[in-house]
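The values are calculated or read from the model by the stated rules, or taken from the named source; none is laboratory data. From a predicted model like this one, the values you see are computed outputs, not experimental measurements. As a convention, Cβ positions derive from the backbone with ideal geometry for all residues, glycine included, and neighbour counts pool all protein chains shown.
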Amino acid sequence: MSRRRIGFWYRFAAVLCKPPLVVLIKRDWRGMEHIPADGGFITAVNHNSHVDPFAYAHYQYNTGRVPRFLAKSGLFKKGFVGAAMRGTGQIPVYRESTDALSAFRAAIDAVERGECVAFYPEGTLTRDPDGWPMTAKTGAARVALQTKCPVIPVAQWGCNELLPPYAKKPHLFPRKTHHVLAGPPVDLSRFYDREMTADVLKEATEVIMAAVTRQLEEIRGEKAPETPYDPRRERIEQRRKTRAQSGEEASLSATEAAPAGTEVARSGTEEESGK
């Protein structure tokens, strides 16, 4: 989508959002030369603050290629916000419903029409304690392999200092810097002739996220963990610990509930047997 086709709603959103962003955030924006001037493409972006979709949209707006985000369907029902989401052509994601696949069809259609679709592959704010990208969902890889479009890895950092993940109040001062670094297209050609299985999608997703993470390493000047944080593994481990703890508590409760003579008799038997 070229700048001349941005349309009323995107321009209106820019008028509303750009002034506070300019006031609150300094900019360190690099890699704009990697954003394609023409044709459909995908950007894969890390997500570490509720503010960063607006700041990233500002970055890409300045390239002349406005993004279409995949967003929770509930946002499209909220009065003015919903009208703006629909008017700017954002794509609703209906999670756990019969319409769940409609977002992927809409994303594919948009790319094939020559538009940009911005993916947050993690699907939500990162839960990594140090803010690194965590394991991702396969939606971006699915659209990329089906359309064979360019996938531009984009890393951002700084909005998480303005509004940390899951925080309710912003830290306005001192003024924060929004760092963005877009990289060259991710080479996914090795997957084009392979059947689009779950394993292939997972592998392609890991390649995409590795590229995003490398961009973030350059911004932060430090290395990311070798293994990305996996919230699913963390939930499984937490449930395992909870079950183990519950088992210990149940065993302790059973011991406490046993008649007092039971333990005495057992002890006496052990003494008689020489144990």
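For every residue, the table says whether it meets (1) among the hydroxyl-bearing types (S, T, Y); (2) buried (at least 19 other Cβ atoms within 10 Å of the Cβ).
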position	(1), (2)
A37	no, no
H58	no, yes
T63	yes, yes
P67	no, yes
A71	no, no
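The numbered conditions (1) in the same structural domain as R113 (by TED's automatic domain parsing); (2) of a type outside the set (D, E); (3) at pLDDT 95 or above are all true for P225 except (1). Residue check: G123 meets all listed conditions (1) at positive phi; (2) exposed (fewer than 12 other Cβ atoms within 10 Å of the Cβ); (3) modelled with pLDDT of 90 or more but one, namely (2).
Within segment 195-221, restricting attention to residues that are under 25 Å from Q156 (Cβ atoms) and of a type in the set (V, I, T), the residue that is surrounded by the most Cβ atoms within 10 Å (Cβ to Cβ) is V212. Which one of L145, L172 is more than 16 Å from the chain's Cα centre (by Cα) and surrounded by 19 or more Cβ atoms within 10 Å (Cβ to Cβ)? Only one candidate passes the filter, namely L145. Applying a threshold of 9 Å to beta carbon distances and a minimum spacing of six or more residues, or different chains, the list of pairs starting in segment 143-155 at a residue that is under 16 Å from G114 (Cβ atoms) and ending at one that is buried (at least 22 other Cβ atoms within 10 Å of the Cβ) and among the hydroxyl-bearing types (S, T, Y) reads V151/T43; I152/T43.
Filter segment 66-101 down to the residues that are over 22 Å from R11 (Cβ atoms) and out of contact with any strand residue (DSSP E or B) (no Cβ under 8 Å at 6 or more places or on another chain) and list them by number. Answer for segment 66-101, where residues must be over 22 Å from R11 (Cβ atoms) and out of contact with any strand residue (DSSP E or B) (no Cβ under 8 Å at 6 or more places or on another chain): G74, K77, Y94, E96, S97, T98, D99, L101. Please determine whether any residue of segment 129-137 is among the acidic types (D, E) and closer than 19 Å to P225 by Cβ. There is at least one residue in segment 129-137 that is among the acidic types (D, E) and closer than 19 Å to P225 by Cβ. Listed here are the strands (runs of 3 or more DSSP E) enclosed by segment 2-115 that have at least 1 residues being touching a Leu at 6+ places or on another chain (Cβ under 6 Å): 25-30, 91-93.
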